[in-house]
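**Student:** Pasting in a structure now, in structure tokens, and then I'll have a few things to ask.
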Amino acid sequence: MKLETLKKRAEFLRVRGGARHACSSFVLEMKPQDGVERAQSGARFGFTVTKALGNAVRRNRIRRRLKSAVTAVAATHAKPASDYVVIARDGAFARPFEGLRQDFERAIARVHDPNQPSRNQGHKKGSP
């Protein structure tokens, strides 16, 4: 499956006010698409990897890993007529691919249903 991507800055900024889920590898933001013709299209994804994450080689590797994980999950979990922005974090570089894929499944479910329990719910910080 080929991902349809966000390309313009305005598209990224529009998604910014939507639902959000963060984990150690990335932050996922989602907002439904606007307009009649856009609402009939599939999901679109945008990727942001800042210079703070390293040199160009490292940033491109992080971007490729995130795109691959999204491609593996998008067909079954992403909602049509939704825009997603993936903001990379440093954990995406070393995280095993299967872990990235599971993180995306969980994140997509959370941005569509914020009332879904998180895996850490019920645990207090600092307790075993």
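The values are calculated or read from the model by the stated rules, or taken from the named source; none is laboratory data. Treat the numbers as computed from the prediction; the structure is a model and nothing was measured. The accessibility values were calculated without ligands, DNA or RNA, using every heavy atom of the protein model including side chains. Shrake-Rupley method; radii C 1.70, N 1.55, O 1.52, S 1.80 Å.
**Student:** Go through Phe47, Phe26 and list them by solvent-accessible area, largest first, probe radius 1.4 Å. Before the final figure, lay out each step's value.
**Tutor:** Numbers: Phe47 30, Phe26 0 Å².
The residues order as Phe47, Phe26, largest area first.
**Student:** Here's something else I'd like to know. What share of the DSSP beta bridges in the stretch 1-92 is antiparallel, in percent to the nearest 5? Numbers along the way, then the final one.
**Tutor:** Working: 11 of 18 bridges.
Bridges in the stretch 1-92 that DSSP calls antiparallel: roughly 60 percent.
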